[in-house]
Each structure stands twice: as C-alpha cells, then as structure tokens.
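Chemist: Okay, handing you the structure first.
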Amino acid sequence: MKLTHRKKNSPWLLIVLAACILLTNCTNMKKVAYLNNINETEITNAINNLEPVIQKNDLLSVTVSSPNATASQPFNTVVTVSTQTIGYTATQASGYLVDMDGFIDMPMLGRIKAAGLTKQQLKDNITKVLVDNKYLLYPVVSVRYLNFKVTVLGEVARPMVVNVPDEKINILEALGFAGDLTIYARRDNIALIREEQGKRIVKRLDLNSGNLLTSPYYYLMSGDILYVEPNKAKVSQNSNTRMWLPGILSGLGLAAVIIDRITR
C-alpha cells in the first residue's frame, strides 16, 4: 500500500519541482534582462541641452574662418602638443591642451579661459574677442574635443577605454563597445564616476529599470568611468575556490607521494 501511495503522488512531486524550476528561471531572467519593466513606448528626450563642460587636460580643436581667408589664417596655426597614452607612450597631437589653470593659448589672442565652459560658451567668447579687437569681420568659430573618451571597467567582456569621435555616447553603447556585461555582473548597481567642477561624484544606475532611459546620466561625458560590480555568485565562486584550492593541492601532493611509493 505504501508503494502504491508513493507512485500516485510522484507525478505531483514532479509538477511541483518543475514549477519551482520555472519560477527560479523567471526570477533570474528578470535580473539579467535590461529595461525589463518598460513596454513599447515613446520617450521624450529630457536631456536636450546636455553638453559636456570643458575640463583641465582636455585637448581641443579650435578653427576660425571668415569671408577673408587670408585674415583668418593666423588664427588657425597648427599647435602640436605631447600627450600620454596607455603604457605611458608619448604621442604628438594637434590641438589646444587646457592647462592646469584652465586656459588655452591661441595665436594672437593669447590666453583664453576654457575650463568650466561648454563648447558653445568658448566659441562665443573667442568670437567676441575677434570682433571686439576688429581682427575679423563675421568670424565663424568651431570647437571640438580631440580626446573625448569613457572608460569601462569590471565585469564586462573587454574592459577598455572607448574613444568617441562624435562626442556623444550613452551607457548602453559604452557597454556594447566593451563586449556587454558578463553573466556575473550586477545589472542593478552600475557605478558611474564623473568629475564635475573639480569634484568626483558617483552615481548608481540600474540597467533593469526603464527609468534609465530618462536619467540625466544616460548620456556619458568625456572622462566618465563605468564600473560594473560582480554579483554574489562570482564573489562566492572566488571565495570557494580560494578555500578549497589549498586542500586540493595538498591532496594531489599526497596522492603523488602514495603513487610514487607504490610504483617503487
């Protein structure tokens, strides 16, 4: 009778076990998927006026044009500066390096304040100097970054420095360049490290939340650093490896001694 009772209950046990597995998988999928609480919708960009602020050590390209090309030429003298790249290799680049006082040195115009300004504000200031000093009529000034980059570290496939020629990149694009997050990455607590007005700030971003798309930190600025933390599974795995590895090595050593004695 006991055996018959167990056989009747066994299908129910299998069903309960299968349900538990499915629920566990659903929970894990929610933790892994990006933007899992957002449906098809249209999101108005709430960050239309987002523009990076020039920082010390930024490398800028500044070009000046006007109806009189000959008169504009002295303001477009190529300036070559030495920069340091990964591995501390010195390279030469053409542009204006913002010094530690926050200024750039332009031909004929002298020292001009740059740090703390947006590109548009710097363009307006240079244009005003050209007009006020009657250097040019109807000058057109263009300012671009030559070293716009963001860094992605932590639990990604390829930690790297991402160079951004078009000066616009969002957090998802940056992670894509780095090969996406690994299976051991925490998706709900990405650390964004940014330097603003001489201060370093840290913001936490949740890739699982649809609020990411309307966050003022969705678009990255030059010099931003993204750090992806490992999840508990990765930490536990590393801890268990460190705990069991000495015992395994000792066991292998003992086995080698025993085999050596037996074969003699």
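Chemist: Checking the structure you have, find out if any residue of the range 170-184 is touching a residue at least 60 places away in the same chain (Cβ under 8 Å), surrounded by fewer than 13 Cβ atoms within 10 Å (Cβ to Cβ) and either more than 23 Å from Thr70 (Cα to Cα) or of a type in the set (Gly, Ala, Ser) (or both).
Modeler: Yes - at least one qualifying residue is present in the range 170-184.
Chemist: Filter the range 108-124 down to the residues that are in contact with a helix residue (DSSP H, G or I) (Cβ under 8 Å, 6 or more places away or on another chain) and either surrounded by 13 or more Cβ atoms within 10 Å (Cβ to Cβ) or touching a residue at least 40 places away in the same chain (Cβ under 8 Å) (or both) and list them by number.
Modeler: The answer is Leu109, Ile112, Lys113, Ala114, Leu117.
Chemist: Oh, and also: Out of the range 134-144, which residues are touching a residue at least 12 places away in the same chain (Cβ under 8 Å) and surrounded by fewer than 17 Cβ atoms within 10 Å (Cβ to Cβ)?
Modeler: Leu137, Tyr138, Val140, Ser142, Arg144, listed by residue number.
Chemist: Pairs please, first residue from the range 50-76 and assigned by the TED database to the domain that holds Tyr135, second anywhere and open to solvent by less than 30 Å² (accessible area, probe 1.4 Å) and among the aromatic types (Phe, Trp, Tyr), Cβ atoms under 7 Å, 6+ apart in sequence or on different chains.
Modeler: The qualifying pairs are Asp58/Tyr145; Leu60/Tyr96; Leu60/Tyr145; Val62/Tyr96; Val64/Phe75.
Chemist: Scan the range 114-164 for residues that are of a type in the set (Lys, Arg), within 30 Å of Gln73 (Cβ to Cβ) and in a loop (DSSP other than H, G, I, E, B) and jot them down.
Modeler: Lys134
The values are calculated or read from the model by the stated rules, or taken from the named source; none is laboratory data. Being a predicted model, the structure only gives us computed values, none of them experimental. Neighbour counts are summed over all protein chains in view; Cβ atoms, including those assigned to glycine, are modelled from backbone coordinates with ideal geometry. Just so you know, the surface numbers come from the protein's heavy atoms only, side chains and all, with ligands and any DNA or RNA stripped out. Shrake-Rupley method; radii C 1.70, N 1.55, O 1.52, S 1.80 Å.
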